[in-house]
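Take a look at the structure set out below.
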Amino acid sequence: MDIEEKIKIIKEVAEELINEEELRQLLLEKKHPVAYDGFEPSGQIHIAQGLLRAITINKLTSTGIKFKMLVADWHGMLNNKMGGDLEKIQVVGEYFIEVWKSCGLDLENVEFIWVSDLVKNEAYWATVLKLSMNSTISRVLKCGQIMGREENTSNPSAQIMYPLMQAADIIHLGADITQLGLDQRKVNMLARDIFPKIGLKKPVCVHHHMLLGLQFSETTAEGIDRKIAMKMSKSKPDTAIFMTDTKEDIERKFKKAHSIDGQVEDNPVLEYFKYIIFEKYSEVLVERPEKFGGNLRYSSYGEMEKDFISGKVKSIDLKQTASKYINELLEPTRKHFETNKKAKELLEKVKSFQVTR
């Protein structure tokens, strides 16, 4: 695979790439650059964190990138996940790893790393202090969005620690590429600004798409903030498909999903086809009674979108079809958590925890 082919695949993942020339130079210099993504362990894992993340990471590793998945247990504690109980957060982290193992993640080229291991190194804290000396309080506070919080001086002072630690993670993971959602953009920009001041190379930022919630409130906000406001949320379970949802759960959630016939923009049902289903299937069959036009077969998302715009295929057709395919894709994970003793016990523990945020 040549450099331009690799860039093409990476750009399929990136809703925003900062920036292409830096990425090209990185790929010229390193055969196996390192990318990372990080997760606060909190509650049950939904499809964007599970299956979609596996699809995204597998694309990146297909280009020769080595991937480090950061289990951000200390960050979760700072953000008061599981009431700030680190032991519970770590149980959830183990559960997350079991989910990724079950849904086709390229384990050969992915390494799981815990923040609780990184922080044992005093050099990590020296880095955090150095970063703090090269950034202002107001700039760091603006990064509160990465914690799911608004910028506010009455928030816990952990809101200052958290972004500095997240920037330090990049350094101590040896990451050349930060592969995170658009909601993490502000801390990545902070890192790109600070790193040259302390003699380090800026990371390339690959900001991936955030899957829309199946239901959301209409908003007139523009740009990235609008996309963040409309993403799926664990705190609103019907906006998300969880990795161990039953067939009945999936059908119920898609039945209530936001989808206006002929409208592509802000259509979460279409997003499931574009970002998940057509990534996993070479052909999609839409089954319909003959009186409603009969079955339709699609070999690409573009074909389906075209027919949706023209009215040839309706929202009800796509909701039913999405339910069927997503149910199939989640069956291996459900089976893993039913038959694997360790996974089953972890899921039971996670379900027993009270999710505070």
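Laboratory data are not the source of any read-out in this text; all were calculated from the coordinates shown. In this text the structure is predicted, and so the values were computed from the model without any measurement. All Cβ positions, glycine included, derive from the backbone under ideal geometry; neighbour counts span all protein chains shown.
Structure notes:
- Between 0 and 90°, nearest 10: helix 341-352 axis offset from the chain longest Cα axis: 80 degrees
- Among D106, D261, D73: highest mean-square fluctuation, GNM of the chain, C-alpha pairs under 10 Å: D261
- Checked against a 26 Å cut-off, the cross-linked pairs K68/K247; K66/K88; K30/K59; K8/K142 give Cα-Cα distances beyond that limit for K68/K247; K66/K88; K8/K142.
- Gaussian network model of the chain, Cα within-10 Å springs - most flexible of K342, K319, K186: K342
- Average 1/r across all pairs of distinct alpha carbons in region 223-352, invert it, and you get the Kirkwood radius: 16.1 Å.
- Here r is the Cβ-Cβ distance between L200 and E15 and R0 is 35 Å; the resulting FRET efficiency, rounded to 0.05, is 0.85.
- Straightening the chain between N121 and Q320 buys 66.5 nm, computed as 0.36 nm per residue apart minus the Cα-Cα spacing.
- The chain - convex hull of the alpha-carbon atoms, volume per residue in Å³: 144 Å³
- Separation of alpha-carbon centers, region 41-84 and region 85-120, rounded to whole Å: 8 Å
- Helix content alone sets the calculated 222 nm mean residue ellipticity of the chain: runs of n ≥ 4 DSSP H residues at -39500 (n - 2.57) each, divided across all residues, give -14000 deg cm²/dmol.
- Counting DSSP beta bridges with both ends in the chain, the antiparallel % (nearest 5): 35 percent
- Here the gap between A158 and K142, fully extended at 0.36 nm per residue and compared with their Cα-Cα distance, gives a gain of 4.4 nm.
- Full extension of the chain between S282 and D193 yields a length gain of 27.8 nm, computed as 0.36 nm times the residue separation minus the alpha carbon distance.
- Region 3-208 - share of DSSP beta bridges that are antiparallel (%, nearest 5): 20 percent
- Cβ-Cβ FRET estimate between I260 and E338, R0 fixed at 35 Å, reported to 0.05: 0.40
- Cα shape, region 1-124, gyration tensor, a/c 1.5 rule: prolate
- Once the Cα gyration tensor of region 3-208 is diagonalised, semi-axes √(5λ) in Å: 25, 22, 15
- Rounded, prolate or oblate (a/c below 1.5 giving rounded, otherwise prolate when a/b exceeds b/c) for region 59-129 by Cα gyration tensor: oblate
- Degrees, to the nearest 10: 20-29 long Cα axis against longest axis of the chain: 70 degrees
- Cα long-axis angle, helix 122-132 against the chain (0 to 90 degrees, to the nearest 10): 80 degrees
- Förster radius 35 Å - calculated FRET efficiency between E290 and E108, Cβ distance, rounded to 0.05: 0.15
- Listed pairs K319/K341; K256/K349; K274/K341; K255/K351; K31/K349 exceeding 32 Å between Cα atoms: K319/K341; K274/K341; K31/K349
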